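The values are calculated or read from the model by the stated rules, or taken from the named source; none is laboratory data. What you are looking at is a predicted structure, and each value in this text was computed from that prediction instead of being measured. Ideal geometry is used to build each Cβ from the backbone, glycine not excepted, and the neighbour counts take in all protein chains shown.
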Amino acid sequence: MASPLNIVIDKASPVPLYHQVAQSLEAAIRTGGLPGGSRLDTEMDLAARLNLSRPTLHKAIEELVQSGLVVRKRGVGAQVIATEARHARGVSSHFDDMHRLGKHPTSEVLSFSHLEADSRTRESLNLPINAHVYHFTRLRKVGGRPQALMENWVRDDIVKLDEVSLSSRGLYEILRSAGVDFRVANQRIGATVANDYQANVLQTDAGSALVTMERTAIDETGRRVEAGRHVYLADSYAFAMTLVHGQ
């Protein structure tokens, strides 16, 4: 049975309606009003009760899914993820993975800037207008051989970044040292072929196969910390995942 909710919506507020709903649901989840395993009312029921459109409720619940608080299950609907399950997800970076394998990655910062976030970055990191971010591109090598070309956007209200630190340390290591406790990362993996620029930087042939990865990392407070778009040489790096059937 879906858990009852007390959601108050202010239609005169400048805060989007879907975000107001998402914030109310998130508050209920974090305070225990919606414990792990509980089901939300259906989008249709919530829309009718709150006098909102179904697309608005769909967008609100999708925001919770993207924050790692809720999962959609066929035949069940939206269900709150148990706290222990949320924290059990290890969020690692390429730098972490290489160290775990006993290798010694190095980073070369190709570009670095601190600038006002554009609309795409604001949406990705859930930032307000006029917010600033760090934007940089790095070349990751292992054993002197290029493996990845990585472009990242990081919110600037967590830690001060500079080219020196990014050249000597992994990004996630820096963020963890600043107190960031990563909870979950939304990640999309695909494939492409190297263009002339990528081929030159990665020391491969134009048209060579590359693995692509887009990621947004979220901390324990639900804050979107960083977004990245990376490409990896297909013959040097692989992603391994374990998929667990939900209960």
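Residue-by-condition table, conditions (1) of a type in the set (A, V, I, L, M); (2) crowded, with 20+ Cβ neighbours inside 10 Å; (3) over 30 Å from residue 80 (Cα atoms); (4) at pLDDT below 90:
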site	(1), (2), (3), (4)
175	yes, yes, no, no
198	no, no, yes, no
214	no, no, no, no
227	yes, yes, no, no
231	yes, yes, yes, no
243	yes, no, no, yes
247	no, no, no, yes
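Are any residues in region 53-68 more than 12 Å from the chain's Cα centre (by Cα) and polar (S, T, N, Q), and if so, which ones? Scanning region 53-68 gives 53, 56.
Set side by side, the residues 106, 56 differ, and just one is under 30 Å from residue 231 (Cβ atoms) and modelled with pLDDT of 70 or more, which is 106. The residues of region 124-157 that are closer than 23 Å to residue 202 by Cβ, among the polar types (S, T, N, Q) and more than 15 Å from the chain's Cα centre (by Cα), listed by number, are 137, 147. When residues in region 106-126 are screened for being touching a residue at least 40 places away in the same chain (Cβ under 8 Å), among the hydrophobic types (A, V, I, L, M, F, W, C) and closer than 30 Å to residue 19 by Cβ, 1 of them pass. Flag: residue 199 matches the condition of being of a type in the set (A, V, I, L, M) and over 23 Å from residue 26 (Cβ atoms). Counting residues in region 133-152 that are in the same structural domain as residue 220 (by TED's automatic domain parsing), modelled with pLDDT of 95 or more and in a loop (DSSP other than H, G, I, E, B) gives zero.
Here is a check on your reading of the model: is residue 167 surrounded by 12 or more Cβ atoms within 10 Å (Cβ to Cβ), assigned to a helix (DSSP H, G or I), within 15 Å of the chain's Cα centre (by Cα) and not charged (D, E, K, R)? No, not satisfied.
Residue count for region 109-130 satisfying the condition of being at pLDDT below 95, of a type in the set (A, V, I, L, M) and in a loop (DSSP other than H, G, I, E, B): 2. Which one of 228, 190, 222 is part of a loop (DSSP other than H, G, I, E, B) and small (Gly, Ala, Ser)? Only one candidate qualifies: 222.
Residue 210 falls short on exactly one of the conditions (1) closer than 30 Å to residue 64 by Cα; (2) modelled with pLDDT of 90 or more; (3) surrounded by 19 or more Cβ atoms within 10 Å (Cβ to Cβ); (4) not small (Gly, Ala, Ser), and that condition is (1). Evaluated against (1) under 20 Å from residue 123 (Cα atoms); (2) surrounded by 13 or more Cβ atoms within 10 Å (Cβ to Cβ); (3) modelled with pLDDT of 80 or more, residue 29 falls short on exactly one condition, (1).
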